[in-house]
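The values are calculated or read from the model by the stated rules, or taken from the named source; none is laboratory data. Everything numeric in this text was worked out from a predicted model, so none of it was measured. A quick note on method: Cβ atoms are made from the backbone with ideal geometry, for glycine too, and the neighbour counts reach across all protein chains shown. Please note that ligands, DNA and RNA were not included when accessible areas were found on the heavy atoms of the full protein model with its side chains. Shrake-Rupley method; radii C 1.70, N 1.55, O 1.52, S 1.80 Å.
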Amino acid sequence: QVQLVESGGGSVQAGGSLRLSCAASGNILSINAMGWYRQAPGKQRELVASITGGCTTTYADSVKGRFTIFRNNAKTPVYLQMNSLKPEDTAVYFCTGLSAVKRYWGQGTQVTVSS
């Protein structure tokens, strides 16, 4: 089993920045990739960014050039640096970890961007 704990959410004005962190514990050697999803009220959960064990990254088109997913040499923690935030970035952000057999989720952290 893997446990994921997010931190770093909060409220910010448009144009501001936040950094989210995701700490993994448990059987982290089983994790092949980690990432961030978000879910706004009334909308489906969507992929924001992901990073593989080899540090290959992917981003949603809506956040390219503004968000950066990264980690240090260790698999954990994984960070999401969010710059130039927009009101439409308001959502609950979930950390996720993917093994060969299962996807794990954190509890989520709220990000609110005011105009």
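For region 53-103, which residues satisfy the criterion of being assigned to a strand (DSSP E or B) and without any contact (Cβ under 8 Å) to a residue 24 or more places away in the chain? Break it down stepwise before answering.
Our first condition is that a residue be assigned to a strand (DSSP E or B); within region 53-103, this holds for 57-59, 67-71, 78-82, 91-98, 103.
Answer for region 53-103, where residues must be assigned to a strand (DSSP E or B) and without any contact (Cβ under 8 Å) to a residue 24 or more places away in the chain: 57, 58, 59, 67, 68, 70, 103.
Among the residues of region 17-40, which ones are part of a loop (DSSP other than H, G, I, E, B), open to solvent by 30 Å² or more (accessible area, probe 1.4 Å) and under 16 Å from residue 57 (Cα atoms)?
Scanning region 17-40 gives a single hit, 32.
Is there any pair with a first residue in region 36-51 that is closer than 25 Å to residue 24 by Cβ and a second that is at pLDDT below 95 and open to solvent by 90 Å² or more (accessible area, probe 1.4 Å) whose Cβ atoms are under 8 Å apart and which are 6 or more apart or on different chains, and what are they?
none
What tally of residues in region 75-99 results from selecting those that are over 14 Å from the mean Cα position of the chain (by Cα) and open to solvent by less than 50 Å² (accessible area, probe 1.4 Å)?
Number satisfying all stated conditions: 2.
Does residue 97 satisfy the criteria of being at pLDDT 95 or above and more than 20 Å from residue 40 (Cβ to Cβ)?
yes
Does region 100-115 include one or more residues that are open to solvent by less than 30 Å² (accessible area, probe 1.4 Å) and aromatic (Phe, Trp, Tyr)?
Checked region 100-115: at least one residue is open to solvent by less than 30 Å² (accessible area, probe 1.4 Å) and aromatic (Phe, Trp, Tyr).
Please go through region 11-48 and give me each residue that is farther than 23 Å from residue 101 by Cβ and touching a Ser or Thr at 6+ places or on another chain (Cβ under 8 Å), ordered by number.
If we filter region 11-48 for residues that are farther than 23 Å from residue 101 by Cβ, which is where we start, we get 11-21, 38-44, 46, 48.
Answer for region 11-48, where residues must be farther than 23 Å from residue 101 by Cβ and touching a Ser or Thr at 6+ places or on another chain (Cβ under 8 Å): 11, 12, 13, 14, 15, 17, 20, 21, 40.
Would it be correct to say that residue 48 is open to solvent by 20 Å² or more (accessible area, probe 1.4 Å), among the β-branched types (Val, Ile, Thr) and in a strand (DSSP E or B)?
Considered against the rule, which asks whether it is open to solvent by 20 Å² or more (accessible area, probe 1.4 Å), among the β-branched types (Val, Ile, Thr) and in a strand (DSSP E or B), residue 48 comes out as no.
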